[in-house]
Amino acid sequence: MKTFLSLGSNLGDKLKNLKEAVNQISQNKEIQVVKVSSVYETEPFGKKDQDFFLNIAVELETTLSPQNLLKMILEIETKLGRERKERFGARTIDIDILVFGNLVVCEENLKIPHPEMGKRNFVLEPLNEIAGNYFCEHFGMTFALLLENCSDSCKVIINEKLKIN
C-alpha cells in the first residue's frame with residue numbers, strides 16, 4: 001500500500017535522528033522506502049519557544065496494516081528517545097502516518113489521513129516535493145493543491161546542504 005509519512009526532529013542531532021528513523025523504517029521486510037524528500041528547516045508549530053525542526057516526508061510501499069505500521073513507528077520513536085511530555089513540545093523524533101493508500105482509519109490511537117496535515121506547511125512542503133501530483137481522495141485534491149490552500153504561515157525552508165541519503 002502506498003503510504004506517506006512525516007518525520008521531524010528538534011532535539012539532539014536532528015539530522016542523525018531523521019537518518020536513523022529512515023534507516024530503521026527501511027529495515028522492515030514489509031516496507032520499501034520509495035522516496036525521501038529534501039530536509040526542511042521549519043519554524044515550530046503550536047509552541048514557539050523551542051528550536052526549529054528538521055522535517056522530511058517519506059513515501060513507502062508496505063504490506064503492514066496501519067496498526068502494525070503505527071506499532072513499528074512508536075517503537076522507533078521510543079528507541080530514538082522520544083518522550084511525550086507536552087503537546088507540540090520538543091522531541092528527538094516524531095513520525096506521523098499521513099496517508100495510507102485510500103484507507104480512512106478512525107480509531108482512538110490512529111487517524112488516517114492525518115487530520116491536521118492540510119493545515120501544516122512543515123508537512124505539506126516536503127510532501128509536495130516528493131508527490132505533489134498524488135491525488136488524495138479524502139481531501140479531493142492533490143498534495144500540491146493542499147499546500148496551495150494551506151493558511152499556515154510558519155516558515156519552511158529547504159536546506160540543500162543537509163541530506164538523508
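Every read-out reported here was derived from the displayed coordinates using simple, explicitly stated rules and does not represent laboratory data. Being a predicted model, the structure only gives us computed values, none of them experimental. With ideal geometry, Cβ positions are generated from the backbone for all residues, glycine too; neighbour counts draw on all protein chains shown.
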Task: Relative exposure of M141, M72, judged by other C-beta atoms within 10 Å (fewest first) - done: M141, M72
- [ ] Return the FRET efficiency for the residue pair S151, E83: r is the Cβ-Cβ distance, R0 is 30 Å, and the value is rounded to the nearest 0.05.
- [x] 0.45
Open item on the list: Connecting C-alpha atoms closer than 10 Å in a GNM of the chain, tell me which of C106, C150, C136 has the biggest fluctuation.
Closed with: C106
- [ ] Starting with the fewest neighbours, write out E59, E41, E137 ranked by other beta-carbon atoms found within 10 Å of each beta-carbon.
- [x] E137, E41, E59
Task: the range 2-158 - charge dipole about Cα centre, Lys and Arg +1 at Cβ, Asp and Glu -1, debye rounded to 20 - done: 260
Task: Order of V34, V123, V104 - criterion: other Cβ atoms within 10 Å of each residue's Cβ, fewest first - done: V104, V34, V123
Task: All aspartates and glutamates inside 12 Å of K71 as judged from Cα atoms, apart from same-chain residues fewer than 8 positions distant - done: D96
Open item on the list: For the pair F135/E116, report the inter-label distance in nm, with labels modelled 7 Å from Cα in the Cβ direction.
Closed with: 3.0
Open item on the list: Could you identify which residue out of F45, F139, F53 has the top mean-square fluctuation in a GNM of the chain using Cα springs shorter than 10 Å?
Closed with: F139
TODO: Round to the nearest 0.05 the FRET efficiency obtained for K35 and N68 when R0 = 22 Å and r is the Cβ-Cβ distance.
DONE: 0.50
- [ ] Work out from phi, with θ = phi - 60° and the Karplus expression 6.51 cos²θ - 1.76 cosθ + 1.60, the ³J(HN,Hα) of each residue of the range 16-23, listed in order in whole Hz, and give x for Gly and Pro.
- [x] 4, 4, 5, 4, 5, 5, 5, 4
